[in-house]
Amino acid sequence: MGVGVSGWRLARAVSTAGQLGVVSGVGLDTLLARRLQLGDPGGRILEALEHFPQRDAAEQIRQRYLVPGGIEPGRPFRSPPLPSLRPSAAATHLAVAASFVEVFLAKDGHSGLVGVNCLEKLQMSVPAVLYGAVLAGVDYVLMGAGIPAEIPAYLDALAAGRSGSLHVSVHGDGDTASSVVIDPVAPFGDCPSLVRPEFLAIVSSNMLAAYLARDPRTRPDGFVVEGPNAGGHNAPPRGRATLDLNGQPVYGPRDEVDLDKMCELGIPFWLAGGYASPERLREAQARGAQGIQVGSAFALCQESDLDASLKQEVINQWFDGTLDVHTDAAASPTGFPFKVAHLPGTVSDPAVYATRRRSCDVGYLRVPYRTASGGIGYRCAAEQQGAYARKGGKADEAEGRRCLCNGLIAAIGLGQRRAGSEVEPPLVTIGKELAFLDKVTAHAGGTNYSARDVVDYLLGNDSVDPA
């Protein structure tokens, strides 16, 4: 769900409608810092911080980032420290607290289920995000964009009151040379016994599902089987990479997941990527799935934090038949294909992309590497190409890359303000299958529909009993 698109308001709305509401676990420390600098409209962040177990850390965050009444228009946001292998105690406190706040607010005032979705590719950020979410009582953890083999054991450790840690790969000349362990519990001094959430691994192949399922230490509690029509990052096609005439990866029979084999694993699974209809929900259940995961239909609803004008532009283009959602093989610094909606004024526009100065000042997708002197450096394929090359990156790896961190944060109205009144341009990701808009907007009586309208449509109900 991008960065902040599925925030606590949306997750809470889906949860109170009787389904699993999921918050995006990406970039939460930056979002919290920038919202505090806007004065925390509504006061909910400060309210949630009052419940954060580490009171001193919460007070330090408030003092460092809160600007009563908000910063002056055009003034740049003060940024938190970039993710690193050796984060300071203050950086860890902020990351853990930000995740705690998001989940706490999503769960506030009801007994529904709430999950958090993380990217395995964001290895340096994941440990703190999960610790904060578990502290807030998150019910489910979902993770894809990699091989999340260590997550079950990490969650076991946190639930048992032990210090948990995850490995982060450190790259040499293009190859993994070693790994470093990140432990977010240490700056807090201790870890209380916590309730372990269920873990759902997001996969796109039987091979990965079978690999994770074979060992109790890596076995998830369930799978989300995601196809290439889903928004955000997609798994690359298996086999030799082939692009169509529009430069999009070509998926074939080898990329289809055998659902009979998924059933044989004996682990519950859900289907994702173009399943947002009552018919496809029934089809998924008939083929052995527990249900479906839905993203795009909720990304365009009232409670989503996606900028309102961008939501409306996507919806308008869908209805007039001009919407172009491109599976871009080059956009993401991760190297994974990434869905980009071609919208005016966003970095999908070649003119906007050409005029934006490449910069890596948020850093969630940068990766650590071993320098020639044996130290640790950080690089991102979306940073300035000269800087990337000086850090040992290959020139072709940087060609056409978009800064997803800055662009996705800008898409929820929190883009960095830069010199000369320049504001970071947004980037919008969405799935390819938006036919649900016809039925959901008809049900709602207009394009400004709610999360409950989506749930009603998918379940074929005029009303939903939260029980």
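The values are calculated or read from the model by the stated rules, or taken from the named source; none is laboratory data. Bear in mind that the values here come from a model prediction, so they are computed numbers and not experimental data. Positions of Cβ are generated from backbone atoms using ideal geometry, with glycine treated the same way; all protein chains shown enter the neighbour counts. Surface areas here come from the heavy atoms of the whole protein model, side chains and all, with no ligands, DNA or RNA. Shrake-Rupley method; radii C 1.70, N 1.55, O 1.52, S 1.80 Å.
Close Cβ contacts (under 6 Å, 6 or more residues apart or on different chains) running from residues in segment 370-396 that are among the charged types (D, E, K, R) and at pLDDT 90 or above to residues that are assigned to a loop (DSSP other than H, G, I, E, B) and open to solvent by 50 Å² or more (accessible area, probe 1.4 Å) comprise ARG379/LYS391.
Taking the listed residues ASP453, ASP361, the one that is in a helix (DSSP H, G or I) and modelled with pLDDT of 90 or more is ASP453, with no other qualifying. When the residues of segment 357-378 are filtered to those that are open to solvent by less than 30 Å² (accessible area, probe 1.4 Å) and of a type outside the set (Gly, Ala, Ser), which remaining residue is nearest to VAL26 (Cα to Cα)? This residue is TYR364. Residues in segment 299-316 that are open to solvent by 30 Å² or more (accessible area, probe 1.4 Å) and out of contact with any Gly (no Cβ under 7 Å at 6 or more places or on another chain): 7 in all.
Restricting attention to segment 369-382, the residues that are touching a helix residue (DSSP H, G or I) at 6+ places or on another chain (Cβ under 8 Å) and outside any strand (DSSP E or B) add up to 3. I'd like the residue in segment 232-244 that is open to solvent by 30 Å² or more (accessible area, probe 1.4 Å) and in contact (Cβ under 8 Å) with a residue 60 or more places away in the chain and, out of all such residues, is nearest to VAL340 (Cα to Cα). In this case the residue turns out to be HIS233. Of the residues that sit in segment 85-141 and are part of a loop (DSSP other than H, G, I, E, B) and out of contact with any strand residue (DSSP E or B) (no Cβ under 9 Å at 6 or more places or on another chain), which one is most open to solvent (accessible area, probe 1.4 Å)? Filtering first and then ranking leaves SER111.
May I ask you to say which residue of ARG35, ARG9 is open to solvent by 20 Å² or more (accessible area, probe 1.4 Å), within 22 Å of ALA91 (Cβ to Cβ), of a type in the set (Lys, Arg) and not in a loop (DSSP other than H, G, I, E, B)?
ARG35
Of all residues in segment 245-282, those being more than 26 Å from TYR211 (Cα to Cα), open to solvent by 30 Å² or more (accessible area, probe 1.4 Å) and in a helix (DSSP H, G or I) number 3.
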